[in-house]
Amino acid sequence: MPGPDLLFPSSNGPTDPLPSAPIRFPRNLADFCAVWTLKSVVHVYTSLLRLLSLLRLRPRPSLTRTYPCAPHSPVRIFLPSASPRGTATSPPLLISVHGGGFALGAPTVDDADALLYAHNHRIAVANVGYRLAPRSRFPNQVHDVAALVEAILDDPLLPVDRSRVAICGYSAGGNLCLAASQLRGLSESGRIKGAVSFYPVVDFALDHAARVARAQASVARDAPNQSFGWVRWGYVPERQDLRDPLLSPVFAPRSKLPQKICLIGCELDMLCDEAERMAEQLAAEEGEGSKMPEGESGWRTRNVRWEKVLAQPHGFNQMVAIGEKRSSARRRTEKMHAEVAKWLFEEVFV
């Protein structure tokens, strides 16, 4: 068991531990009320999504799988349509981790994104879940994701190519996909060939005021700015080392992460700066070569890709909107996923 002075201290890097400070009354009461109110609202929303899926009014998975390691979290699997004539290869697999501040959401939230990869790019997608905060705190979510990834890859009935596997995640899921891929069963086995992290939080050690100050646009209405207090209260235990690479992947040794990494940030998102900083840090590794410009505001090196989605907020691809705002977000979402799919086939699924 960890010592009482510091839970789960970082042992993977040279940085000194930075213990999480206790959150005192009345701040902790406000965070408690905020997270449980939001959980109630989001539970209704995700239940509605599941109902609409059952009624065939929104995307339905090709199949679902329930594994002993997560009996209450069925995996939603989207498969491409039949292979083109003359081909018999199984599709590559992208394992997707949902967001929600480690406390909200469900795999069904990612269904529309998964459908784009399956139908437009012939990539099978498995949407996975995990135990939610605050009933379950770090590092349980990391181990939940890793266990499900291993269960999926060990499932002989899934019609996918297990030699071509990547993991992705949105927001908190972007953090978890980078964290889970560091664990021994995945990092040392080489079963995960690449990771795609969409608008993740990667540095819990960064002071929130500094994070806001470094944002490139106003963050008054930015979802992470409004939620970061209860996210930290619900997910991070007191005295937890904030520089633990499983909590803050920006501190992860390069050898623990997948060889191929794509990080995507949103210009109007306060988390964009730290994601870009991690991408720059990875690109500075020996052997990466010079950065080659790509897209509107991105670049790639030998193993790293960075993209900043201009004029879009955190979670734009999953926001509820109407009219032109919805159409614009849809077009930009399709473009983002098309560029990621292109990178996956060029760099990961080879």
When residue 241 is evaluated against the numbered criteria (1) farther than 20 Å from residue 307 by Cβ; (2) of a type in the set (Asp, Glu); (3) in contact with an Asp or Glu (Cβ under 8 Å, 6 or more places away or on another chain), which criterion, by number, is the only one it fails?
(3)
With the condition kept exactly as written, say whether any residue in segment 165-177 is farther than 12 Å from residue 97 by Cα and in contact (Cβ under 8 Å) with a residue 24 or more places away in the chain.
yes
Among the numbered criteria (1) surrounded by 13 or more Cβ atoms within 10 Å (Cβ to Cβ); (2) modelled with pLDDT of 95 or more, which one does residue 330 miss?
(2)
Residues of segment 153-199 satisfying the condition of being closer than 17 Å to residue 249 by Cβ, of a type in the set (Ser, Thr, Tyr) and modelled with pLDDT of 95 or more
170, 171, 181, 197, 199
Within the bounds of segment 48-61, is there any residue that is assigned to a helix (DSSP H, G or I), within 23 Å of residue 166 (Cβ to Cβ) and modelled with pLDDT of 95 or more?
no
Residue by residue through segment 314-350, note down the ones that are assigned to a loop (DSSP other than H, G, I, E, B) and in contact with a strand residue (DSSP E or B) (Cβ under 8 Å, 6 or more places away or on another chain).
314, 315, 319, 349
Return yes or no: is residue 35 under 30 Å from residue 226 (Cβ atoms), in contact with a helix residue (DSSP H, G or I) (Cβ under 6 Å, 6 or more places away or on another chain) and assigned to a helix (DSSP H, G or I)?
yes
Going by the conditions given, is residue 205 of a type in the set (A, V, I, L, M) and either crowded, with 20+ Cβ neighbours inside 10 Å or modelled with pLDDT under 95 (or both)?
no
Just to be sure I understand the filter: pairs with C-beta atoms under 8 Å, separated by 6 or more residues or on different chains, first member in segment 251-265 and without any contact (Cβ under 8 Å) to a residue 40 or more places away in the chain, second member in a loop (DSSP other than H, G, I, E, B). Which pairs pass?
254/285
In segment 295-313, how many are in contact with a Leu (Cβ under 8 Å, 6 or more places away or on another chain) and in a strand (DSSP E or B)?
7
Tell me, which residue of segment 137-149 that is out of contact with any strand residue (DSSP E or B) (no Cβ under 7 Å at 6 or more places or on another chain) and within 16 Å of residue 71 (Cβ to Cβ) is surrounded by the most Cβ atoms within 10 Å (Cβ to Cβ)?
144
All positions within segment 227-269 that are part of a strand (DSSP E or B) and of a type in the set (D, E, K, R)
241, 260, 267
Condition check: among the aromatic types (Phe, Trp, Tyr) and buried (at least 20 other Cβ atoms within 10 Å of the Cβ). Does residue 299 satisfy that?
no
Residue ranges of helices (runs of 4 or more DSSP H) in segment 125-211 with at least 3 members within 11 Å of the chain's Cα centre (by Cα)
172-180
Go through the residues of segment 45-61 one by one and say whether even a single one is surrounded by 18 or more Cβ atoms within 10 Å (Cβ to Cβ), under 16 Å from residue 318 (Cβ atoms), touching a Pro at 6+ places or on another chain (Cβ under 8 Å) and touching a residue at least 40 places away in the same chain (Cβ under 8 Å).
no
Segment 79-104 - residue that is within 18 Å of the chain's Cα centre (by Cα) and either more than 18 Å from residue 143 (Cα to Cα) or modelled with pLDDT under 95 (or both) and, of those, surrounded by the most Cβ atoms within 10 Å (Cβ to Cβ):
94
Please go through segment 270-294 and pick out each residue that is in contact with a strand residue (DSSP E or B) (Cβ under 7 Å, 6 or more places away or on another chain) and outside any loop (DSSP other than H, G, I, E, B).
272, 275, 276, 278, 279, 282, 283, 292, 293, 294
Which of the residues that make up segment 175-184 are surrounded by 14 or more Cβ atoms within 10 Å (Cβ to Cβ) and either more than 22 Å from residue 264 (Cα to Cα) or polar (S, T, N, Q) (or both)?
175, 181, 182, 183
Here are 192, 152: which of them is surrounded by fewer than 23 Cβ atoms within 10 Å (Cβ to Cβ) and β-branched (Val, Ile, Thr)?
152
Just the residues that are surrounded by fewer than 22 Cβ atoms within 10 Å (Cβ to Cβ) and either touching a helix residue (DSSP H, G or I) at 6+ places or on another chain (Cβ under 6 Å) or not small (Gly, Ala, Ser) (or both), please, taken from segment 64-78.
64, 65, 66, 67, 68, 69, 70, 71, 72, 74
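The values are calculated or read from the model by the stated rules, or taken from the named source; none is laboratory data. Keep in mind it's a predicted model, so treat the numbers as computed, not measured. Cβ sites come from the backbone with ideal geometry, for glycine too, and all protein chains shown count toward neighbours.
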